[in-house]
Amino acid sequence: MAKTIKEIEHPLYRKSSKMRTERFGKSLTFIAVVLTAAITAAILFLVFSKGLSTFIMNDGSVKDFFTGTTWNPAEVNSLGKPIIGALPFIVGSLAITGISALIAGPLAIGAAIFMSEIAPNAGKRIMQPVIELLVGIPSVVYGFIGLSVVVPFLRDLFPGSGFGIAAGTIVLSVMILPTVTSLALDAIQSVPRSLREASLALGSTRWQMICKVVLKTAKPGLLMAIIFGMARAFGEALAVQMVIGNASVIPHSLFEPASTITSILTMGMGYTVMGQVENNALWSLALILLLMSLFFTIIVRMIGKGKST
Amino acid sequence: MSAKSTDRLATAGLYVIVGIIITVLAGLLGFVFVKGIPQLSWQFITTPPQIFKEGGGVGPQLFNSFYLLVLTLMIAVPIAIGAGIYLAEYARDHWIIRCIRVLIEVLSSLPSIVVGLFGFLFFVLYMGWGFSILSGAFALSLFNLPLLVRVVEQSIRNIPKSQREAGWALGFSKWETITTIILPAALPGIVTGVILASGRVFGEAAALIYTAGMSTPIIDFTNWNPLSPTSPLNPFRPAETLAVHIWKINGEGIMPDAAAISDGAAALLIISILFFNFTSRFIGNLMFKKMGAN
């Protein structure tokens with residue numbers, strides 16, 4: 001009996017200090033990972049609980065929220081429910097995002113084709129660094145340029161003040177253009193060289209090769225690039241808020257002041273008191289924003305999965 | 001139309017597209033520099049802004065931007081390195097790990113204004129820090145964590161397996177191999193990524209207007225005691241950064257030279273971003289060469 005106890009106490013049976021540092025290091029890094037994930041969960045939880053409280057605590061109607069056109073959460077309508085018609089903001093956000101993608105998408109893909117297929121040298125040496133630099137330009141600068149160049153330009157050309165969806169779209173298209181170009185270039189460059197050579201060997205012209213082989217193979221990646229740009233456009237706050245005019249109505253033309261979800265959040269959050277209906281209604285808008293960004297992420301993931309199989 | 005002329009037409013079309021893009025982007029940079037650089041002077045980057053008169057500068061805002069950047073990196077980089085190490089070296093293919101990866105990806109896709117509002121609710125109100133540099137730094141850390149984690153994970157994954165095996169063969173534990181061999185080898189990639197993220201932090205405004213605030217109290221640049229309310233280092237004072245300043249004076253600035261000040265501030269912002277870009281390239285190359293020589 002005494003002998004076995006002695007054996008267990010033998011130095012070889014003791015945990016080495018290396019095991020201890022190993023365990024320490026592993027748990028330390030694990031805590032960092034869990035912390036990052038927990039923060040995300042906390043953000044999701046808080047925005048969901050705050051955003052839903054408009055409908056649960058303040059008795060707001062979901063139908064009004066998505067179809068109503070009057071935004072005045074401080075007051076109640078004839079049914080005693082707060083007036084929370086968010087349709088103008090949702091329409092504004094969707095319009096701006098959609099039109100920007102329509103403008104920036106083709107331009108970006110064209111530029112990416114040019115940089116990869118037509119002038120690879122100039123593309124790599126000059127255009128790529130410039131595009132990467134432009135990805136990093138702060139959105140406030142884009143908004144400021146929109147305010148001092150695009151808005152006066154539109155004011156001279158069209159009736160109205162120049163503020164509106166058109167100005168917002170121009171600013172956002174230019175803003176997402178470098179991001180989309182850079183991602184589209186990655187997608188096009190990942191098409192294997194052998195496919196191009198096979199196509200050229202069959203006697204196709206460069207354009208036929210680009211159209212029928214390169215673009216077709218790179219399609220999932222190009223879609224991902226455009227959706228990524230749309231997600232960025234949808235979530236952009238300050239650049240849009242500076243040029244859109246901030247009128248909470250559904251505009252009749254692209255040149256009338258409008259609003260987006262992000263612009264109303266930027267404008268309103270500072271002037272409302274936590275816990276009141278006005279404030280909760282803004283959190284519901286933040287929830288929509290979050291759900292849309294989740295939606296974009298899911299689409300990108302689905303396209304990515306389809307690509308790998 | 002024959003295939004050849006279609007080809008020529010399409011090529012011409014692509015040249016036109018690229019021409020448009022280059023004109024727009026060059027015009028954009030040109031506009032900022034041509035209008036902004038004449039505004040820059042030592043007086044402009046050191047003096048505080050004026051509210052009613054012209055001739056104000058952006059001194060405190062520039063300082064706030066850098067201070068916020070330093071605090072943000074101090075919070076975010078250690079967490080990102082830890083998380084990156086775990087995901088690259090320890091994580092197995094398990095449903096919990098997959099969940100965590102999805103959550104990190106979701107965090108990276110959140111609009112900055114949503115992160116800012118969360119920061120407003122949690123740091124400003126719940127933790128009671130008020131509009132302060134600290135709240136702003138934490139909000140920006142959240143915003144940049146996913147990017148930094150990805151950078152660290154990628155840089156670590158790029159280290160060849162033979163380096164790890166060499167460490168294990170020398171009798172190092174996994175953790176010792178990571179800290180003494182893998183991390184130093186991955187450092188160039190990590191540093192480059194961190195500097196690029198710095199550019200993002202420096203220009204961010206939407207996440208800051210409700211966390212770091214839109215005002216700067218009078219600060220005294222001779223008082224470096226972090227606990228004093230007038231000290232520039234005090235982390236509990238509100239701090240408007242350069243990017244927020246541009247946004248604010250364009251919305252509600254009443255000084256007569258608001259446009260000129262925004263021109264100058266925008267140029268300053270872009271010059272700083274350029275600086276971060278070039279430093280990251282330069283340091284990345286330098287460290288790569290140094291490590292390669294070893």
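The values are calculated or read from the model by the stated rules, or taken from the named source; none is laboratory data. Note that the structure is predicted; figures quoted are calculated from it, not measured. Cβ atoms come from the backbone with ideal geometry, glycine included; neighbour counts cover every protein chain shown.
Please enumerate the residues belonging to the stretch B:211-242 that are charged (D, E, K, R) and farther than 16 Å from B:GLY128 by Cα.
Within the stretch B:211-242, the first condition is being charged (D, E, K, R), and the residues that meet it are B:220, B:237, B:240.
Across the stretch B:211-242, the qualifying residues are B:ASP220, B:GLU240.
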Determine if the stretch B:157-168 includes at least one residue that is crowded, with 17+ Cβ neighbours inside 10 Å and not in a loop (DSSP other than H, G, I, E, B).
yes
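Can you list the helices (runs of 4 or more DSSP H) found entirely within the stretch A:120-196 that contain at least 3 residues being within 25 Å of B:SER112 (Cα to Cα)? So that I can check it myself, show each step before the final result.
Details: elements: A:128-135, A:139-145, A:151-157, A:165-189.
Here the list reads A:128-135, A:139-145, A:165-189.
Looking for something assigned to a helix (DSSP H, G or I), closer than 22 Å to A:LEU102 by Cβ and out of contact with any Leu (no Cβ under 8 Å at 6 or more places or on another chain) - is there at least one such residue anywhere in the stretch A:252-273?
Start the filter on the stretch A:252-273 by keeping residues that are assigned to a helix (DSSP H, G or I), which leaves A:261-271.
Now narrow it down to the ones that are closer than 22 Å to A:LEU102 by Cβ: A:261-263.
If we keep only those that are out of contact with any Leu (no Cβ under 8 Å at 6 or more places or on another chain) too, we end up with A:263.
Yes, the stretch A:252-273 contains at least one residue that is assigned to a helix (DSSP H, G or I), closer than 22 Å to A:LEU102 by Cβ and out of contact with any Leu (no Cβ under 8 Å at 6 or more places or on another chain).
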If you go through the stretch A:7-27 one residue at a time, do you hit one that is modelled with pLDDT under 85, part of a loop (DSSP other than H, G, I, E, B), among the polar types (S, T, N, Q) and under 17 Å from A:LEU287 (Cβ atoms)?
no
Do we find a residue being part of a helix (DSSP H, G or I), within 14 Å of chain B (Cβ to nearest Cβ) and within 28 Å of the chain's Cα centre (by Cα) anywhere in the stretch A:77-91?
yes
One residue from B:GLY136, B:GLY130, B:GLY119 being farther than 17 Å from A:ALA231 by Cβ and not in a helix (DSSP H, G or I):
B:GLY130
Determine, yes or no, whether B:ILE45 is more than 14 Å from chain A (Cβ to nearest Cβ) and among the hydrophobic types (A, V, I, L, M, F, W, C).
yes
Out of A:THR21, A:THR97, A:THR29, A:THR67, sole residue that is within 14 Å of another protein chain (Cβ to nearest Cβ) and either touching a strand residue (DSSP E or B) at 6+ places or on another chain (Cβ under 6 Å) or within 26 Å of A:ALA167 (Cα to Cα) (or both)
A:THR97
Selection within the stretch B:65-90 - among the hydrophobic types (A, V, I, L, M, F, W, C), farther than 24 Å from B:GLU176 by Cα and surrounded by 19 or more Cβ atoms within 10 Å (Cβ to Cβ)
B:LEU68, B:LEU69, B:LEU71, B:LEU73
